[in-house]
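**Student:** First the structure, then my questions, so here it is.
None of the figures in this text is laboratory data; all of them are computed from the coordinates on show. Not measured: the values here are computed from a predicted model. Cβ sites come from the backbone with ideal geometry, for glycine too, and all protein chains shown count toward neighbours.
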Amino acid sequence: MSKPNALTEMPMRPCFVWQPRQFALACRIRSNPAMAIDRSPSPALMYAPSDHRTQFRWVICALLFFGTTLNYVDRQVLGMLGPRLQAELKISDNSFGKINGAFAIAYAVGQLFAGRWLDKVGTRIGYTVSLLLWSVTSMAHALVRTALGFGVARAVLGIVESPCYPANNKIAAEWFPQRERSTVMGFVNAGANCGVVVAAVMAAYMMNRQFGWRATFIGTGALGFFWLLFWIPLYRRPAEHPRVSPAELAHINSDAAEAPGKMRWLHLMVLPQTWSFAASKFITDAIWFFFIVWTAKFFAARHQMDIKHLGVPFLVIYSMADLGSIFGGWIASAFIRRGLTVNRARKLAMLICISCIIPVCFATIVPGHWQAIVLLGMATAGHQGFSANQYAIVTDMFPRRAVGSVSGFGGFVGYIGASLYSWLCGGMLEHNGHNYTPLMIIAGTGYLVAFMIIQGFAPRLEPADLTDDNSGADHAG
């Protein structure tokens, strides 16, 4: 008679997903084996109840936040190192303006095609390719030794960074219902502010430690590879994601169903709703680009502050910008929940943000640097809150299949404005003795102009008429 095998004779225990309820049931089965008649795993033990709503969309929001942070780290570090690079490589203000203008014009051209490209390849692949390329390009800045070389490097960076914001807006439309999108874009925009702070802190630390500006470009560029370790395994579309419950998917898709069909890309360009976004971006992107590129040079010229002393001021300014970004998105969503129409909620939020920006006109005449820091912090906070709602109106007026293309076109027009304004800034500062007063006045009043443009093209934020989009070969997705 064969000896019993201890392994085969061991009582079988069911396998459970680690959850408190399943653990308690396992203990009961172990104490009473009669309960374990059917040893096959029960679906009820393996999955959450169907009425349980997961919140995985906020994990996606966090991924977008950190992706945007890295995007701004890599574009902002040149602005932080600008005074040092100009002194070491003999780069004039006019040339520095042209270097940043090269980034802006390349970013603009890239955005013109980025939205349509994302509509075709999808946001998961598109974001991955874009971030990988912009990280490598940022690190390659360490090899540059001339103003022309920096112009070329910035142009390449502008092209490969351009899918970031169209992707953010497209993902927000795919993953969140309309009433949550301005809040989401507020958090995503906050990533831009964090990116400026990270760039300032890293640049100040690296320069204080005598690592040099080349090591700073390599260190900031390398950060993107860590983000990819989370993005690639975690991101899928909502309907395909195993961590999204049916209840959460129903919540994501709770808005009115969109009509299917293809979309003529050129048709979008003649719609007033498209131009309400794009023409206003021409103004606001130029001013925001002025803030992130020229602020370090403003403090150097007006208050004699070098790179080693800019870490704390930038931390304060862009922490305020973070709060403004989150508040600007949240307040519009709060107005909608309280019964205001989407049109009134968005525009009232924008007007509140504009009231924070106007005082920056006086940043050049206040006596101390801390007063200037507060005024710039209020202005950047107002910009980010305004921008969160500016992006949200695209998702209010266009179906999801068009969001990437419209966002990309708006980014193209916006950074055309940024490139022109950057060249203007460089020329004006070189010829008027580093007087920033006219530039601050433009920054303080420009958002009123942008608001009037939105009101003129889209007085009610009505949905765009895409009924003629089912014909034609030139379509976006």
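**Student:** Could you give the nm distance between label points at M269 and F362, where each point is 7 Å from its Cα heading toward the beta carbon?
**Tutor:** With each label placed 7 Å out from Cα toward Cβ, I get 4.5 nm.
**Student:** Using the structure shown, list the pairs from K170/K281; K98/K347; K90/K297; K98/K120 with a Cα-Cα distance above 23 Å, or answer none.
**Tutor:** Too far apart for the 23 Å limit: K98/K347; K98/K120.
**Student:** Calculated FRET efficiency, I232 and N208, Cβ-Cβ r, R0 51 Å, to nearest 0.05?
**Tutor:** Given R0 = 51 Å and the Cβ-Cβ separation, E is 0.90.
**Student:** In debye, nearest 20: dipole of the stretch 48-187 around its Cα centre with unit charges on the Cβ of K, R (+) and D, E (-)?
**Tutor:** For the stretch 48-187, the charge dipole is close to 120 debye.
**Student:** Taking the Cα centre of the stretch 287-358 as the origin, how large is its charge dipole in debye, to the nearest 20, when only Lys and Arg (+1) and Asp and Glu (-1) carry charge on their Cβ atoms?
**Tutor:** My answer is approximately 320 debye.
**Student:** Residues in the stretch 355-396, backbone N under 12 Å from the label point at H309 (7 Å along the Cα-to-beta-carbon vector): list them, ranges by number please.
**Tutor:** 369-370
**Student:** Shifting gears a bit: G221: net charge of surrounding residues, Cβ under 14 Å, Lys/Arg +1, Asp/Glu -1, itself excluded?
**Tutor:** The answer is +1.
**Student:** Here is a further query. Taking the number of other C-beta atoms within 10 Å as the exposure measure, put R57, R214 in order starting with the fewest. Walk me through the intermediate numbers first.
**Tutor:** On the way: R57 23, R214 16.
Taking fewest neighbouring Cβ atoms as first place, the list is R214, R57.
**Student:** Only Lys, Arg, Asp and Glu count, each charged at its Cβ (+1, +1, -1, -1), so figure out the dipole size of the stretch 138-207 about its Cα centre, rounded to 20 debye.
**Tutor:** Computed about the Cα centre, the dipole is about 100 debye.
**Student:** Would you mind ranking C356, C164, C61, C361 by Cβ crowding within 10 Å, fewest neighbours first? Don't skip to the answer; put the middle values down first.
**Tutor:** Numbers: C356 24, C164 29, C61 21, C361 17.
So the residues, fewest neighbours to most, are C361, C61, C356, C164.
**Student:** Within a Cβ distance under 11 Å of C61, other residues only, what is the Lys/Arg minus Asp/Glu net charge?
**Tutor:** Numbers: positive: R57, R181; negative: E180.
Its environment carries a net charge of +1.
**Student:** As I understand it, the dipole of the stretch 78-125 uses +1 on the Cβ of Lys and Arg and -1 on the Cβ of Asp and Glu, about the Cα centre. Which of I99, A114, L78 lies farthest toward its positive end?
**Tutor:** A114
**Student:** Would you please give the FRET efficiency between V129 and R400, computed as 1/(1 + (r/R0)^6) with r the Cβ-Cβ distance and R0 = 22 Å, to the nearest 0.05?
**Tutor:** Computed FRET efficiency for V129 and R400: 0.55.
**Student:** Normalising by the residue count of the stretch 48-169, find the relative contact order in percent from Cα pairs under 8 Å and 6+ residues apart.
**Tutor:** Details: 105 pairs, mean separation 46.0, N = 122.
Relative contact order here is 38 percent.
**Student:** Let me ask something else. Say R0 is 56 Å: what FRET efficiency, to the nearest 0.05, do R337 and T146 get from their beta-carbon distance? Don't jump to the answer; show the numbers that get you there.
**Tutor:** Details: r = 55 Å, r/R0 = 0.97.
After rounding, the FRET efficiency stands at 0.55.
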